1. For segment 193-207, check the following and say yes or no: at least one residue is over 30 Å from residue 323 (Cα atoms), surrounded by fewer than 19 Cβ atoms within 10 Å (Cβ to Cβ) and more than 14 Å from the chain's Cα centre (by Cα).
2. With the condition being within 16 Å of the ligand (Cβ to nearest atom) and either at pLDDT 95 or above or under 30 Å from residue 460 (Cα atoms) (or both), I'd like the strands (runs of 3 or more DSSP E) fully within segment 224-342 carrying at least 3 qualifying residues.
3. Restricting the search to segment 168-191, which residues are touching a residue at least 12 places away in the same chain (Cβ under 8 Å), under 20 Å from residue 86 (Cα atoms) and not in a helix (DSSP H, G or I)?
4. If you take the residues in segment 451-462 that are crowded, with 18+ Cβ neighbours inside 10 Å and more than 15 Å from the chain's Cα centre (by Cα), which one is farthest from residue 412 (Cα to Cα)?
5. What do you reckon, is residue 178 away from the ligand (no atom under 13 Å from the Cβ), over 24 Å from the mean Cα position of the chain (by Cα), at pLDDT 95 or above and outside the structural domain of residue 389 (by TED's automatic domain parsing)?
6. Sort through 17, 73 and tell me the only one that's within 22 Å of residue 464 (Cβ to Cβ), in contact with a strand residue (DSSP E or B) (Cβ under 7 Å, 6 or more places away or on another chain) and touching a residue at least 60 places away in the same chain (Cβ under 8 Å).
7. Among the residues of segment 54-96, write down those that are away from the ligand (no atom under 14 Å from the Cβ) and under 30 Å from residue 275 (Cβ atoms).
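The values are calculated or read from the model by the stated rules, or taken from the named source; none is laboratory data. Keep in mind the model is a prediction, meaning the values are calculated, not measured. Note that we place each Cβ from the backbone using ideal geometry, even for glycine, and neighbour counts take in every protein chain shown.
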Ligand SMILES: C[S@@+](CC[C@H](N)C(=O)[O-])C[C@H]1O[C@@H](n2cnc3c(N)ncnc32)[C@H](O)[C@@H]1O
């Protein structure tokens, strides 16, 4: 395929990519851009690159075209324990401190490898945790690994790697955590089971959200991807990653992703020669709210039916929640609920704000009250299930989802969550059935509709996410 493109077309296309996809290609990176377009054009079925670019410029990008482009315009290259200083900082300080503080109470940890590529980063974390926590089987560990490229996710789900992925590690890791097979090494099931793979686009998907399990993280690794975004887009993504962290949580970018100002209001810490960023605790001044995700349509604001005399309390709390100021929101809601103990929308929001802070015991308590106040709301049982799942109470979560579906068999998100839960538990036929149900229910609906009980998830987006998740099962690799 002819890789040369007229400069005017390249300039136009790089502006267009920055606006639509957030990927940033200044003139000195046009050679990379041209190479990436050539590969994408082949994947998208165009006879040559110029036809591909002209078509995309004139007809607009579909979601799947965006994803094909993103996967070719960012390098899908990674390996185990890449950038060893970050892993040293995690092994020597960040994780031991976290493990020590959690050992006394919840015995839970939540870590997200955002833009995980083929999974090496997430499995490295799982290996590290296995080494640091002797009684790991008694812990509730979440390692969420997400990427925009379904092909990479499928490879991560296979967990099979060639020698090249091990260039950063010694033979002991390979011997202990992999089994040798012809042509490479396969991750052992115990470590694989610690990682949950999911499709997620950092630019387009709304987060943090309980629906995608992207809330209340202790650590987010987002390495070697922000550097591809335009500065404005990178700032928006960082602002949302900031919200996805618990207070005191850590964001770990790579050294090339950006300078410290990009990560404000997170606080820079130099540990073992690595630059890590930490979310301030409530005692520090409150950071400014993150800018809104520009592409996703904002859901209509909730219009709770509430007593007029306390409207200010609820509304102020809701505004704080929307800005990611969860601690302040929950304080306000507690005040409001002491005056209006039966206010269902306030209880619902309080359970969510606690869940977003990682205060799961409080979230559970308020969600249980919420369910007791209105047993017939499928949405309440669904929220309860999301909290129970986060707490590692999987069979309770399954029961709550069952109740939600009994009350509302058309509840798409509850089918999707049931599928995810079954997938985590290795129950493939059940997972398949629920993904199928969710996809069938989504079929007849307008793509742009925001799903009820979701935090802004559209029909189109959930359809894509559920399809990718179902494919991972149907490939028989989960
Ligand atoms: C170089 S790899 C980084 C892998 C790993 N984090 C590391 O540092 O070794 C970049 C990854 O970013 C993913 N990516 C690109 N744009 C993305 C987006 N908008 N949302 C999520 N992932 C994205 C690509 O598919 C690719 O897997």
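1. Yes, there is a match, as at least one residue in segment 193-207 is over 30 Å from residue 323 (Cα atoms), surrounded by fewer than 19 Cβ atoms within 10 Å (Cβ to Cβ) and more than 14 Å from the chain's Cα centre (by Cα).
2. 245-252
3. 168, 169
4. 458
5. yes
6. Just a single option satisfies the conditions, and that option is 73.
7. 88, 89, 91, 92, 93, 94, 95, 96
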